[in-house]
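Heads up: the structure comes next, in structure tokens.
The values are calculated or read from the model by the stated rules, or taken from the named source; none is laboratory data. Worth saying up front: this structure is predicted, and the values here are computed from it rather than measured. Glycine gets a Cβ as well: all are built from the backbone with ideal geometry, and neighbour counts include every protein chain shown. For the accessible areas, the whole protein counts, side chains as well, though only heavy atoms, and no ligand, DNA or RNA atoms are used. Shrake-Rupley method; radii C 1.70, N 1.55, O 1.52, S 1.80 Å.
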Amino acid sequence: MIVSLLVFLIVHQSKIIMKSLKAFLLLIAAALLSTSCGFDVSYQSSAKTSTNSSKALEEVGDPDPEVRMRSVSKMSSSPALTEIAKTDKNPEVRKLAVSKISFSPALTDIAKTDKDPEVRKLAVSKLDFGPALTDIAKTDKDPEVRKLAVSKISFSPALTDIAKTDKNPEVRKLAVSKLNFGPALTDIAKTDKDPEIRKFAVSKISFSPALLDIAKTDKDPGVRIAALERLSDLN
């Protein structure tokens with residue numbers, strides 16, 4: 001009787017152990033399967049990204065500018081975008097590349113050298129470096145590019161120089177609009193060739209003797225009247 005009882009207990013305990021071992025093995029298998037799936041997903045995602053990048057690089061050399069633009073829209077590499085922005089024959093492709101660049105030296109170079117004024121304007125719009133903007137405002141051949149550069153300048157001596165020397169009256173007027181330095185405004189009000197700019201400078205002068213002098217000596221009656229009205233406002 002005792003022997004039978006012992007045999008029963010041993011068999012019963014063995015069954016419990018086997019069930020526990022089976023459950024443990026199932027857990028290990030599930031964990032391995034999950035890890036394997038995660039690796040497959042990660043690998044597939046990485047492979048897909050690599051394939052997309054390779055495809056984008058291949059499309060950069062496509063003769064169709066629409067295909068090249070599609071390629072540029074997928075790119076995030078700054079050196080590659082800079083190269084495209086500097087070398088692509090199509091200005092729309094270059095503009096798209098410029099729109100994705102944030103590296104200031106590259107933008108400065110493009111703003112100074114690109115043949116298309118719209119590309120240069122886009123590059124200028126992304127610049128914040130004062131000396132570069134001043135250089136562009138003084139040297140660019142397109143007045144619209146110079147105006148955009150002037151609109152981003154806050155350095156008074158640079159604005160004064162542009163207000164006195166730029167060939168385009170709209171550029172000079174914009175520079176004057178950003179000036180608050182009395183002697184510079186007085187000088188411009190007395191010397192600029194355009195009476196409209198002289199009148200505009202007069203409207204910003206607060207030094208009565210200067211206004212009185214302009215009211216007496218300016219060749220344009222509109223400027224003289226503007227000086228008198230400004231005197232009246234100040235008094």
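Residue by residue through segment 112-140, note down the ones that are assigned to a helix (DSSP H, G or I) and open to solvent by less than 30 Å² (accessible area, probe 1.4 Å).
Val119, Arg120, Ala123, Val124, Ala132, Leu133, Thr134, Ile136, Ala137
Starting from segment 64-90, take each residue that is within 20 Å of Lys126 (Cβ to Cβ) and open to solvent by 30 Å² or more (accessible area, probe 1.4 Å) and list its partners that are among the hydrophobic types (A, V, I, L, M, F, W, C) and not in a helix (DSSP H, G or I), counting only C-beta distances under 7 angstrom and pairs at least six apart or across chains.
Between residues of segment 64-90 that are within 20 Å of Lys126 (Cβ to Cβ) and open to solvent by 30 Å² or more (accessible area, probe 1.4 Å) and residues that are among the hydrophobic types (A, V, I, L, M, F, W, C) and not in a helix (DSSP H, G or I), the close pairs are Ser78/Ile101; Ser78/Phe103.
Just to be sure, is Glu229 open to solvent by 40 Å² or more (accessible area, probe 1.4 Å), free of Cβ contacts under 8 Å to residues at least 24 places away in the same chain and of a type in the set (Asp, Glu)?
For Glu229, the condition - open to solvent by 40 Å² or more (accessible area, probe 1.4 Å), free of Cβ contacts under 8 Å to residues at least 24 places away in the same chain and of a type in the set (Asp, Glu) - is met.
Looking at this structure, is Lys167 at pLDDT 95 or above, among the basic types (Lys, Arg), in contact with a helix residue (DSSP H, G or I) (Cβ under 9 Å, 6 or more places away or on another chain) and open to solvent by less than 80 Å² (accessible area, probe 1.4 Å)?
No, not satisfied.
Which residue is farthest from Leu159 (Cα to Cα), if the candidates are limited to segment 188-219 and must be among the acidic types (Asp, Glu) and out of contact with any Lys or Arg (no Cβ under 7 Å at 6 or more places or on another chain)?
Looking at residues that are among the acidic types (Asp, Glu) and out of contact with any Lys or Arg (no Cβ under 7 Å at 6 or more places or on another chain), I get Asp213.
Modelled with pLDDT of 95 or more, aliphatic (A, V, I, L, M), part of a helix (DSSP H, G or I) and farther than 23 Å from Leu122 by Cα - does that describe any residue in segment 145-158?
There is no residue in segment 145-158 that is modelled with pLDDT of 95 or more, aliphatic (A, V, I, L, M), part of a helix (DSSP H, G or I) and farther than 23 Å from Leu122 by Cα.
For every residue, the table says whether it meets (1) in contact (Cβ under 8 Å) with a residue 60 or more places away in the chain; (2) within 26 Å of Thr113 (Cβ to Cβ); (3) open to solvent by 10 Å² or more (accessible area, probe 1.4 Å); (4) in a helix (DSSP H, G or I).
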site: Arg172; (1), (2), (3), (4): no, yes, yes, yes
site: Ala175; (1), (2), (3), (4): no, yes, no, yes
site: Asn180; (1), (2), (3), (4): no, no, yes, no
site: Lys190; (1), (2), (3), (4): no, no, yes, yes
site: Lys193; (1), (2), (3), (4): no, no, yes, no
site: Leu212; (1), (2), (3), (4): no, no, yes, yes
site: Ala215; (1), (2), (3), (4): no, no, yes, yes
site: Ile225; (1), (2), (3), (4): no, no, yes, yes
site: Asp233; (1), (2), (3), (4): no, no, yes, yes
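Looking at the structure I just gave you, is Lys95 touching a Lys or Arg at 6+ places or on another chain (Cβ under 8 Å), modelled with pLDDT of 80 or more, open to solvent by 50 Å² or more (accessible area, probe 1.4 Å) and assigned to a helix (DSSP H, G or I)?
no
Name the single residue that is nearest to Phe129 (Cα to Cα) among those in segment 98-111 being open to solvent by 30 Å² or more (accessible area, probe 1.4 Å) and assigned to a helix (DSSP H, G or I).
Within segment 98-111, the first condition is being open to solvent by 30 Å² or more (accessible area, probe 1.4 Å), and the residues that meet it are 99-100, 102-105, 109.
Keeping just the survivors that are assigned to a helix (DSSP H, G or I) gives 99, 104-105, 109.
Details: Ser99: 17, Ser104: 8, Pro105: 9, Asp109: 12 Å.
For segment 98-111, the residue satisfying everything is Ser104.
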